[in-house]
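Okay, structure first, notes after.
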Amino acid sequence: VDGWSRGGPDADRNMTRCLTYLMQDPGAAVGALMLDRAPDGGIFDVYIDYMRSARDASGKPVALVSAWQGSGSDPLVVSATHAGMPVVDGITPFLRAVRALLDCRDFYRRGKREPRAAPARCAKRWQQALRGNVLYEPEALELLRDFGIDAVPARVVTSHREAVVAAGEMGWPVAVKTGAGIAHKSDRHGVRLNVSTEQELIDCVDDLQARLGEKVLVAPMASPGVEMIFGARNDPQFGPIVIVGFGGVHAEVLRDAAFALPPFDDAQAKRMFERLQLRDLLHGARGAPAVDVERLAAMASRFSVMVYEMHNAIGEVDVNPVIASADGCVAVDALIVGTKRGTAT
């Protein structure tokens, strides 16, 4: 609202009344005065009067936002900010601050919710296996399954016969990957998808063994869906941090992720999804079916519990991709690096 209009003798009163009326609306949570600083960075005393009157009448926070001209630590700016009426330079920093303020408000309103419990004895078993080691795809997916996280049953084979038997038991088509302990298999052309015949499978095994080593993984193909990533890092200051976002081979390019401290419940997981820029993909974009967000949130919550229970042994975790569809969610590949060991390359 342009409360100043053409100025005049009633301008100050109009500014105060307009801001106060707006902030008294039940749908308003925060007020802002868009009034630029002077070129020397200063503000006028009357700006503080506008804010104080509106804040006292509404009981809601109010800020002065300057989008042009001066900046710096003018004494009146400092005193106003310390008095709970912050002066913010720039619309974008102000909107980010409001977002953080409302997130904090909502956090306290929700109260404490207990996430699901970890399966008994899982953590102790895997902490011993993981400490100082790296778990590549077969073992990492087994760990996820033990914590109630759906994951494809990858099988290690070393011969044509073993590969064909595995594919027959799993059902065609299958995914065939190198089992050489490479973190980013696609960068080494170590992944073949939708292998549907015995001869094609044999050719894949020959190629992977010749280039990347004897061990080969055979796994059933997951249903098509949206590719997500679940990750975790052990931060020196904050401890374990969980990352959820859009994944696949372009995860590092997309950089579309949300972060939270574990453990958290399904509701928190859904709030994280809603912070993602590409979140519309989960709800069915351009005619695609919507993802079962409830099951995806439950999976993310279980993952957070796993990270929390295992944080003393885990250095980092990458579960990528997690295939999310209308029929459910499944982890397709995973890498878990134990503590006291460098990051895998």
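The values are calculated or read from the model by the stated rules, or taken from the named source; none is laboratory data. Predicted, not measured: the structure shown is a model, and the values here were computed from it. As a convention, Cβ positions derive from the backbone with ideal geometry for all residues, glycine included, and neighbour counts pool all protein chains shown.
Across region 4-34, the number of residues qualifying as buried (at least 18 other Cβ atoms within 10 Å of the Cβ) and closer than 19 Å to S79 by Cα comes to 3. For region 265-284, the tally of residues that are surrounded by 13 or more Cβ atoms within 10 Å (Cβ to Cβ), of a type in the set (D, E) and assigned to a helix (DSSP H, G or I) stands at 1.
Of the residues V157, V88, V134, only one is outside the structural domain of P75 (by TED's automatic domain parsing) and over 22 Å from Y308 (Cα atoms); which? Quick ask: steps written out before the conclusion?
Details: V88 fails: outside the structural domain of P75 (by TED's automatic domain parsing); V134 fails: over 22 Å from Y308 (Cα atoms).
That would be V157, the only listed residue that is outside the structural domain of P75 (by TED's automatic domain parsing) and over 22 Å from Y308 (Cα atoms).
Among residues of region 213-248 being surrounded by fewer than 17 Cβ atoms within 10 Å (Cβ to Cβ) and closer than 30 Å to R161 by Cα, the one that is modelled with the lowest pLDDT is S223. Among the residues in region 114-132, are any surrounded by 18 or more Cβ atoms within 10 Å (Cβ to Cβ), over 30 Å from the mean Cα position of the chain (by Cα) and of a type in the set (A, V, I, L, M)? No, because not a single residue in region 114-132 is surrounded by 18 or more Cβ atoms within 10 Å (Cβ to Cβ), over 30 Å from the mean Cα position of the chain (by Cα) and of a type in the set (A, V, I, L, M). Anything in region 303-326 that is surrounded by fewer than 24 Cβ atoms within 10 Å (Cβ to Cβ), polar (S, T, N, Q) and under 16 Å from the mean Cα position of the chain (by Cα)? List them, or say none. Once the filter is applied, which keeps residues that are surrounded by fewer than 24 Cβ atoms within 10 Å (Cβ to Cβ), polar (S, T, N, Q) and under 16 Å from the mean Cα position of the chain (by Cα), region 303-326 yields only N320. Of all residues in region 266-307, those satisfying the criterion of being under 14 Å from G148 (Cβ atoms) and not aliphatic (A, V, I, L, M) are D266, R295, S301, R302, F303, S304. Restricted to region 104-147, and to residues there that are among the acidic types (D, E) and part of a helix (DSSP H, G or I), the residue that is farthest from H184 (Cα to Cα) is D106. Looking across region 7-27, the residues that are closer than 23 Å to T92 by Cβ and touching a helix residue (DSSP H, G or I) at 6+ places or on another chain (Cβ under 6 Å) come down to L19, M23.
The single condition among (1) part of a helix (DSSP H, G or I); (2) polar (S, T, N, Q); (3) over 19 Å from G328 (Cβ atoms) that S301 does not meet is (3).
Does M306 satisfy the criteria of being more than 21 Å from D256 (Cα to Cα) and in contact (Cβ under 8 Å) with a residue 60 or more places away in the chain? Criteria met by M306. Pairs are defined by a Cβ separation below 8 Å, a sequence spacing of at least 6 or placement on different chains, a first member in region 252-269 that is within 16 Å of D318 (Cα to Cα) and modelled with pLDDT of 95 or more, and a second member that is among the charged types (D, E, K, R) and buried (at least 19 other Cβ atoms within 10 Å of the Cβ); no pair meets this definition. Going by the structure shown, is A57 touching a helix residue (DSSP H, G or I) at 6+ places or on another chain (Cβ under 9 Å) and under 22 Å from Y21 (Cα atoms)? It is true that A57 is touching a helix residue (DSSP H, G or I) at 6+ places or on another chain (Cβ under 9 Å) and under 22 Å from Y21 (Cα atoms). If only residues of region 163-194 that are in a helix (DSSP H, G or I) and under 30 Å from the mean Cα position of the chain (by Cα) are counted, the one that is surrounded by the most Cβ atoms within 10 Å (Cβ to Cβ) is K185. Among the residues making up region 143-155, those that are buried (at least 17 other Cβ atoms within 10 Å of the Cβ) and touching a Leu at 6+ places or on another chain (Cβ under 9 Å) are L143, I149, D150, A151, V152, A154, R155.
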